[in-house]
Structures are given as structure tokens and as C-alpha cells.
Amino acid sequence: MEIGKKIHQFRKLSGISQEQLAEKLNVSRQTISKWETGATLPDIQSIVKFCNIFQVTLNDLLLDEKNTNHTDQITLQDLIQIHIRNRKMTLLLISGLLFIMASILSAIFIMVLHSVMLRLEYLFYRYITIGEYIYMPINYLSFSIPVILSFIIGISLCICYIIKNKKSKKD
């Protein structure tokens with residue numbers, strides 16, 4: 001793999017922009033772009049700084065993967081796959097927690113609504129003559145079904161996160 005592609009992958013993996021890397025290496029953003037496209041090569045000082053920033057060895061950056069004899073090391077592609085998987089797992093956990101929070105807030109809203117309706121029913125019963133008062137109950141179960149469904153979805157997403165996280169730790 002070319003040095004430019006490795007620089008690009010390390011930068012993307014760490015989540016920094018060309019401008020941020022250029023600032024750390026004391027070069028221009030265009031210089032970083034030229035390195036990544038392979039138009040130019042970095043000088044030795046920049047390579048050393050780059051290796052220090054990303055905690056990689058000169059061999060990892062400069063040598064082709066074919067020339068290295070380390071078969072049990074994690075490759076850059078492995079790191080990228082781990083990073084992508086971690087992002088998916090985080091999204092799964094966050095969405096599960098959001099569903100749980102939404103269901104809890106909805107349940108609180110229904111309890112408050114129920115309390116208010118009981119008070120209103122009492123007031124109507126007290127201030128309206130009994131002969132003209134018509135009791136019209138509210139079906140709270142119809143309000144509760146979306147709450148229960150969102151809670152079940154949230155719990156199932158969190159369980160999926162826990163199961164996948166345990167599987168990845170075993171591997």
C-alpha cells in the first residue's frame with residue numbers, strides 16, 4: 001500500500017480533518033492532500049511527526065504489508081472494521097435508550113392525563129346536575145399501547161447491544 005493511502009486511512013480512522021493534521025505537522029492542508037493523492041511524498045521530519053501523532057512505527061507506515069512478517073498484528077483494515085462496528089454498536093445502544101426514554105416520558109404523560117381527567121370528572125359530577133351528567137370514560141389502554149411498544153423496542157435494542165458486545169468480547 002502506498003504511503004499516501006496509509007496517511008489517508010490513519011487520518012480518517014482517527015477522525016481528524018486534513019486541516020487539523022496539517023496544523024499538527026506544521027504544513028499546509030494542500031500538502032496533506034498532495035501526500036494522500038500520491039502527488040508528493042512527505043519529508044523525513046513530517047513522517048516522524050506523523051508516526052508520533054498516530055502512535056505507529058516507521059515500518060508500519062513505510063513498508064508494504066507484503067514485506068512485513070508479522071501475521072498476528074492488527075492491520076489497518078482490521079482497525080477500520082472495528083471502528084465501523086463500534087459506531088454501529090453505539091448507534092444501537094443510543095437508539096435503544098431513546099426508545100426507553102420516550103416510553104417512560106409517555107407513561108408519565110398518561111399518568112398525569114389520567115390524574116387530570118379524574119379531577120375533571122369529579123368537578124363535572126359535582127357542579128353539573130346528576131340527571132344531565134353523562135359519564136364518558138377514557139380508554140387509557142389505547143394510549144398505553146404505543147408506550148408499551150416503544151418500551152419493548154428499546155429493551156430489545158439494548159439486549160441486542162449486550163448480546164453483540166458479549167460475542168465480540170469472546171472473539
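Just grab the label-to-label distance for residue 80 and residue 118, each label 7 Å out from Cα along the Cβ direction, in nm (one decimal).
6.0 nm
Kindly flag which residue pairs out of 49/164; 6/88; 24/164; 34/164; 12/166; 34/167 have an alpha-carbon separation exceeding 32 Å in this structure.
Distance filter (> 32 Å) returns 49/164; 24/164; 34/164; 34/167.
Search the structure for amide H atoms under 5 Å from the amide H of residue 38, placed 1.01 Å from N in the peptide plane, and list their residues when 5 or more places away or on another chain.
Long-range HN contacts for residue 38: none found.
Show me 3-11, 20-28, 38-46 ranked by packing, highest mean number of other Cβ atoms within 10 Å first.
With the highest mean Cβ count within 10 Å placed first, the list reads 3-11, 20-28, 38-46.
At 1.4 Å probe size, with the rest of the protein present, what percent of the exposed accessible area of segment 1-119 is carbon and sulfur atoms?
Carbon and sulfur atoms account for 59 percent of the accessible area of segment 1-119.
If each of residue 30 and residue 14 carries a label point 7 Å out from its Cα toward its Cβ, how far apart are those two points in nm?
Rounded to a tenth, the inter-label distance reads 2.4 nm.
The values are calculated or read from the model by the stated rules, or taken from the named source; none is laboratory data. Not measured: the values here are computed from a predicted model. Here Cβ is always computed from backbone atoms with ideal geometry, including for glycine, and neighbour counts include all displayed protein chains. Please note that ligands, DNA and RNA were not included when accessible areas were found on the heavy atoms of the full protein model with its side chains. Shrake-Rupley method; radii C 1.70, N 1.55, O 1.52, S 1.80 Å.
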